[in-house]
Structure formats: C-alpha cells, structure tokens
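Here is the structure we will look at, set down as structure tokens.
Bear in mind these aren't lab numbers, they're just calculated from the coordinates by the rules spelled out. Bear in mind that the values here come from a model prediction, so they are computed numbers and not experimental data. Cβ sites come from the backbone with ideal geometry, for glycine too, and all protein chains shown count toward neighbours.
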Amino acid sequence: MAEISRRDYFKLMGAGAAALGIAGMNFACKSAPEHPATSTNPTEAEEFNTPPNREQRMAWWHQARFGMFIHFGLYSVLGRHEWAMEEEGIPVVEYMKLDQQFKPKPGFAKAWARLAKQAGMKYMVMTTKHHEGFCNFATDLTTYCAPKQGPGRDLVKEYVEAARSEGMRVGFYYSLMDWHHPDGARCAHDEAARRRFVDYTHGLIRDLMSHYGKIDILWYDVAWPLDAKGWESSKMNRMVFDLQPDIIVNNRNKLPGDFSTPEQHVGGPLKKGDNRGWETCMTMNDSWGYNKGDDDWKSPKTVVRDLIHCSQGGGNYLLNIGPMGDGSIPEPSVRILTAVGKWMEKHGNTIYGSDICQVRNSTYAGFTRKGNTLYMHVYFWPGEYVAIGGLKTKVNSARIMTTGQPVKVEQSEFQAKFTGLPKKAPDDLATVLEIECDGEPVQDTLWVREDRPRDGV
Ligand code: JFZ
C-alpha cells in the first residue's frame, strides 16, 4: 500500500466500484436484515437502495445538466490541495489550528451562487465535511464544526440560503472517510469502534437531512475503510429518504444509488436496463480544494466541450471551484465560468433537457439532440463548410444558431454537407448548427467504411 500512489489506489478502488452494483447487493443478501422491525419483508429491507420513483425524482436533474461543485474547508485556508493533511503528514493537532484563520467573508456563498447562475449552472454541491473531518455545519455530535470553531457560524446554512436565493438546487457532499475522528480508521477491525463511528456518521447525515429544509442531492464520497455492510449503507439511505423523500443520492456509499460518478473524465452510457443517471465531476485546474500553485487551468473551450459531450451521452457535468479560506473564488475560475456563461446564454437550450444523442462521430464537433433536431457544436472551426458522415436521417433544413444565418444543405447517401459558412468561427468556444431532421437523427459510420463505393484494383 505504501508503494502505490493515491491515483493508483483510486484506480484500484474504481475497478472495484465497477463491480459494485452486483457485488454490493450479493453482500447485502448474506447479511442480517437491517430493519427487521420496520419491514414485513426482510429481503426488501436488506436490499434497499433508493425508492422506485427514480425517474420522477431525477427529472429536474436530467433537465439541469450543469452544476457547480464546491470544495470548501480548512484546506481552503492552507491552499495546498484538500489532501494536504494526509499527503504532507500534517499532525492532526497542528491541522486543527487552521480553523483560526477560516473566516469566510460575509455573503461568500452569495457570490458563488451568483457565479453559478451566470455560468448557466442549475445546482450546487458543497462539501459539508471532507476527509479532514471538519464539519461546516452545526451539530451536537462533535465540537469540530464551524459554529464552535474559528468561523463561529453555520457555513452550510449560509450556503443553502444563498443557493436558494439564486434559484439553485441544493446538494450536500459528505465524506464517509474521516481523518480526524478517533474511530475513523480503527473501525475496520474493532467492532466497538465501528459501532461508534457508524452511529456518528449516520447522526451527522441525519443532522444534514433535518435542519436545512428540502435538500436535492446527497453526494457521498470515499467509503474507506468500510464496505456497504460496514457502513450500514442500506439503513443510511433509508434514513435519508425518510427525511428527504424527493432527494437523489450518488453511488459512493457503496450502493448503486441513483447516479454514478465518473471522475475527471466524460462518462459513458449506462448498461442496458440501468435507469440510473451519471454525472461527470471535474476540476477546472487539477485540484478540488484551493491549491495556490496549481496553474493548470482548463480553457473555457475545454469546459464547454466537456459539457457538450456529457449532454450528448445523457449525463450531467459537475464542475468544481475551490474557493480560498475567505470564500473568494480564484480569479481564473471566475474568468472561465464567465466565458462559459456567455456561451450558455446563447446556446443553453441545446444543453438543458436534451435527449441522448446517437450521432457522435466528428473530429471537430460534438452533438446534442432534442427530438428530431440535431445540434452540431463545432468547437474546432474548419471554415466554409462542415460535414457529417453516415447520417442516415434526411435533413430538412439547417441554420447557424449562433448567428441565425441559414445554411445550405447538400445531402448524398453517405454525407451531409453544410456549406456557405463564414471563414472565421462565429463563436470561438463552439458555433452551433441547428439541423432539422426528418426523424430522430441516426449516424452509421461503419456503414460508410464498409459500403461506400471504392476505387482502384
Ligand atoms: C474524492 C476525494 O478524495 C477528492 O478529494 C474529491 O473530493 C473528489 C471529488 O472525490 O476523490 C476520488 C474519489 C473516487 C475516485 C477518485 C477520486 N474514484 O472512484 O476513482
């Protein structure tokens, strides 16, 4: 273990997580019923994941497509990445003193929510407790929480109010792994410690689900060192849904949850018959928590492109900010999100509520779809004309959505060509062609490779 890097470690965990749906459930079947008293059907109690009305609970989320992730905690004061406490081996007593400098300025969360709205985001997910163990919210279960330490106030409450006031849906991130709690590691091999720590964890989640009104998303993270049985994840989810019947939860408490969480890459389609959702979470540089030295910022174009590709596959995009200890957002993030917001203002309707799009092959464009309308998002503008190979659906008409300019369509068996375009991209991030088709647009590139007439001997 000492010799593998954190990245490799997570790769391993990720591989395990891929099999989690099945493995987790099998495990649950072998375990004792978790709610024998509250259910007449113990099998059902054992296997509880989330309520069956998933489609209904997730409808707003599928529409929304784009959210803001916020990593905020004591590591925001330090500015050396949210893993600094472990990666630099900082003594716990020393780390704890950071609270004295953790003084978010008044209205800090308002600024986040305003920026999220401006960027075209529809929801926010903030760390209520990260691996460091510091609770940003009020609780009777520990003194290691914002109201009782440096900040002297409930930061989660301020976040919730700010998000709501800008019309954002509200999500809570919660790390199961805890580097501070005395039972956080020994719970793996000491049953009394596990009992205490699981009670503590369920208690904190109960606080979060009870004191802030309607919460839209619960985003669990890192389940080390326990499995679903150890965490009593089934019971955990049951409690969450008892308190918040309309909430959606992710898959990181080792149950499948309502959606999966591909990290730092655009996710793929779910397995056939799986009606859960997926959400790619991503950083704007390479760190989640504020990391002063990390200058590896993505361009606004990369962000827009990732958002398009998430929408194309029916997924969501949760894009992170790592505010500083005073709550202010690093300037590059503001700049990137402002540019993305300008693009979304004009083109957001090609993203929100879009349907999964089967057309996907182009080296310079991404695609989204609404019914029979295909949106071609050209991020690398080739000038004058663009073309789609193997489009099997008849195109009725097309225009450049960005400018309103109508576009000429030439369609032959293997190629749809859109001509008379300007030399220079009308929008640098992505120029969108709105293509009205005769039916649901379908592309077959293999057909092009196999059946297109060839030449020569
Ligand atoms: C976790 C955290 O360790 C990190 O600090 C951040 O909060 C991020 C959103 O989540 O990192 C992970 C968790 C899971 C995987 C990779 C990184 N995974 O399954 O590949």
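Some notes on this structure:
- Each residue of segment 395-408 is assigned a 3J(HN,Hα), and the resulting list reads 8, 8, 6, 8, 8, 7, 4, 4, 10, x, 5, x, 10, 7 Hz, derived from the Karplus form 6.51 cos²θ - 1.76 cosθ + 1.60 (θ = phi - 60°), x at Gly and Pro.
- Relative frequency of Cα-Cα separations exceeding 42 Å in the chain, percent: 21
- Cβ-Cβ FRET estimate between residue 410 and residue 63, R0 fixed at 45 Å, reported to 0.05: 0.80
- The C-alpha atoms of the chain define a longest principal axis, and helix 54-64 lies at about 60 degrees to it.
- Farthest towards the positive end of the charge dipole of segment 49-172, among the residues 126, 96, 66, is the Cα of 66, using unit charges on the Cβ of Lys, Arg, Asp and Glu.
- Counting only alpha carbon atoms, the long axis of helix 300-312 and the longest principal axis of the chain meet at about 90°.
- Qualifying trypsin sites (Lys or Arg not before Pro) for segment 412-445 [loop in DSSP, other Cβ within 10 Å: at most 13]: 423, 424
- Applying the criteria of a DSSP loop state and at most 14 other Cβ atoms within 10 Å to the trypsin sites (Lys or Arg not before Pro) of segment 260-310 yields 271, 272, 292.
- 0 to 90° range, to nearest 10: angle between helix 20-30 axis and the chain longest Cα axis: 40
- Whole-number Å³ per residue for the convex hull built on Cα positions in segment 69-145: 108
- Measuring r between the beta carbons of residue 394 and residue 271 and using R0 = 30 Å, the FRET efficiency lands at 0.40.
- Taking 194, 399 and counting other C-beta atoms within 10 Å, the order from fewest to most: 399, 194
- Within the chain, percent of DSSP bridges classed antiparallel, to nearest 5: 50
- The magnitude of the dipole of segment 365-451, with charges of +1 and -1 set on the Cβ of Lys/Arg and Asp/Glu and taken from the Cα centre, is near 220 debye.
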